[in-house]
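Step one of this worksheet: look at the structure below.
The values are calculated or read from the model by the stated rules, or taken from the named source; none is laboratory data. Remember, it's a predicted structure, so these values are computed and weren't measured experimentally. Here the Cβ positions follow ideal geometry from the backbone for every residue, glycine too, while neighbour counts run over all protein chains shown. We work out accessible area using only protein heavy atoms, side chains counted, and drop any ligands, DNA or RNA first. Shrake-Rupley method; radii C 1.70, N 1.55, O 1.52, S 1.80 Å.
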Amino acid sequence: MTIVLQLPKVKRIEAERPQKCKYCKGELLQRWGQVRKQIKDTKIRQVKAYRYRCTRCRRTFRHYPAGVERGMQSERLKKLAVICWSFGLSYRGMEGIFSAFGVNLSRMSGWRDVQVGGEAIRRRKAWQPTRVVGVDGAWLHGTGVMVAVDMGDGQPLAIGAIDEKDMSSVLRWLGELKQQHGIGAIVTDDLAMYRGITERLGLGHQVCQFHVRRWVGRMCREVSKKLPEEWLWMIERIKQIMEELPPDASKQFLELYKRLPGDLKLGQKRTAVDQLRRLLIRLSESWDRYTTFFHDAGIPWTNNRTEQAIGKMKMRAKLTRGYKTPAGMLNGLLVSSVNLT
Ligand SMILES: [Zn+2]
């Protein structure tokens, strides 16, 4: 994680005059008195602001020193709050740290700072080109969320308050992401839904190899318990193909499939041989999606980075009790999982 600590400067007084009237953009301004302003900052408690009067529209306005705006908090304090949050402090923890430095930052203000930080990240990422994206669903604070991670840098690209079970919403969300970022391929776990979605959207598709190996291994173990001895060699053959990933694996699975007797009658219970047949046809048909990474060096063979990002968010979500609107939560999670620069 690279964090560049570049805190905005805060001045006590601003020597430079404003260039233009903030209302009418008129350029001829008269100084019109001065005011003192209390601020919340790590070093400065009070700044001096000049008032100016525009000779064109005759309105007056305050011109604050660098790092100070209309609100109480300095820009430096806002940025520090966001950094504290991204380092894993809770809002209560932030309140404590700042009070140790004589600054009274309420939990609510800390939360607001993080929200603004999250929005800034969203704006910055809005149209960033991203070729390969890892996609996965998670459950945070009782809300279903979808997370998209840029496989180039491992950073979250977008989080949506969408339940992974709601296929039409996932489709719409991924369609928008594809348009905004020019996505070419996605990496997912082995849900059948993603097959339909990638076909509809014309996206390349890699199914995470860890997921494939896990469920194939489980199926093999299950089936081999009941399988007639004469077919047990097939289980070994499947394991071998999964290990070696030969280029003609799809064909090999199909040939194995054809050698098994298939006589499942309606209403009959599925036998171990039927299960093995189903496993083989599924592997044969999906093989392209399991091995897309062979043909494209930019596509990883697992969805690990996405799972890591989600793991980080889940840890973070434990500390965000109280503010449970999905949008607020997502901004906070985005701030906590993106590199700050
Ligand atoms: Zn004016």
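Between the alpha-carbon centres of the range 98-137 and the range 197-276 there is a gap of 45 Å. Of the residues T271, T198, T143, the one that moves most in a GNM of the chain with alpha-carbon contacts below 10 Å is T271. A simple spin-label model places pseudo-atoms 7 Å from Cα toward Cβ; at D163 and K226 they are separated by 3.2 nm. Share of pairwise Cα-Cα distances greater than 16 Å in the range 1-83 is 55 percent (whole percent). Once the Cα-Cα distance is subtracted from the 0.36 nm per residue extended length, the K239 to L28 segment shows a gain of 67.9 nm.
Describe numerically, in nm with one decimal, the distance between label points set 7 Å from Cα along Cα→Cβ at S99 and at K258. Here the answer is 7.6 nm between the modelled labels. Using R0 = 22 Å, the C-beta based FRET efficiency linking R270 and T143 works out to 0.05. For trypsin sites (Lys or Arg not before Pro), the sites in the range 101-202 that DSSP calls loop and that have at most 15 other Cβ atoms within 10 Å are K165.
As a test, work out the antiparallel percent of DSSP beta bridges whose residues both lie in the range 134-225, rounded to the nearest 5.
Antiparallel bridges: around 70 percent, rounded to the nearest 5.
Full extension of the chain between W215 and R200 yields a length gain of 2.8 nm, computed as 0.36 nm times the residue separation minus the alpha carbon distance. For the range 42-137, chymotrypsin sites (Phe, Trp or Tyr not before Pro) are listed when DSSP marks them as loop and at most 14 other Cβ atoms sit within 10 Å of their Cβ; the list is F87, F101, W127.
Lacking any other cysteine beta-carbon closer than 4.7 Å, the following Cys residues of the chain have no compatible partner: C84, C208, C220.
How high is the relative contact order of the chain, in percent, with contacts defined as C-alpha pairs under 8 Å that are six or more residues apart?
Working: 511 pairs, mean separation 59.8, N = 341.
Worked out over the chain, it gives 18 percent.
Computed over every Cα-Cα pair of the range 182-341 and binned at 10 Å starting from 0, the pair-distance distribution P(r) comes out as 9, 29, 27, 19, 12, 4, 0 percent.
Placing dummy labels 7 Å off each Cα toward the beta-carbon, the span from A192 to R59 is 6.2 nm. Using Cα-Cα distances under 8 Å and only pairs 6 or more residues apart, what relative contact order does the range 59-129 have, in percent? 24 percent.
Provide the gained length on full extension for the span R122 to R172, in nm with one decimal, where the gain is 0.36 nm per separating residue minus the Cα-Cα distance.
Values: separation 50, 0.36 × 50 = 18.00 nm, distance 1.85 nm.
Using 0.36 nm per residue and subtracting the Cα-Cα distance, I get 16.2 nm.
With contacts taken as Cα pairs under 8 Å at a separation of at least 6 residues, the range 130-231 carries a relative contact order of 22 percent. Only protein heavy atoms count here; under a 1.4 Å probe, I299 has an accessible surface of about 10 Å². Candidates S106, G118, H205 compared by Cα position along the dipole of the chain: farthest toward the positive end lies S106, with charges placed on Cβ. In the calculated pair-distance distribution of the chain, the portion above 27 angstrom amounts to 61 percent of the Cα-Cα pairs. Among beta bridges from DSSP that stay inside the chain, the antiparallel ones total about 75%.
Accessible surface for the range 111-259, divided over its residues, is 50 Å² per residue with a 1.4 Å probe. Sequentially through the range 55-64, phi angles give Karplus couplings (6.51, -1.76, 1.60; θ = phi - 60°) of 7, 8, 9, 6, 8, 10, 8, 8, 10, 8 Hz, Gly and Pro residues having no value and appearing as x. Close amide H pairs (under 5 Å, H built 1.01 Å from N) link T302 with Q209, residues at least 5 positions away or on another chain. Think of it as helices only: each DSSP H run of n ≥ 4 in the chain is worth -39500 (n - 2.57), and spread over all residues that comes to -14500 deg cm²/dmol at 222 nm. Using only side-chain charges placed at the Cβ, +1 for Lys and Arg and -1 for Asp and Glu, the dipole size of the chain relative to its Cα centre rounds to 2920 debye.
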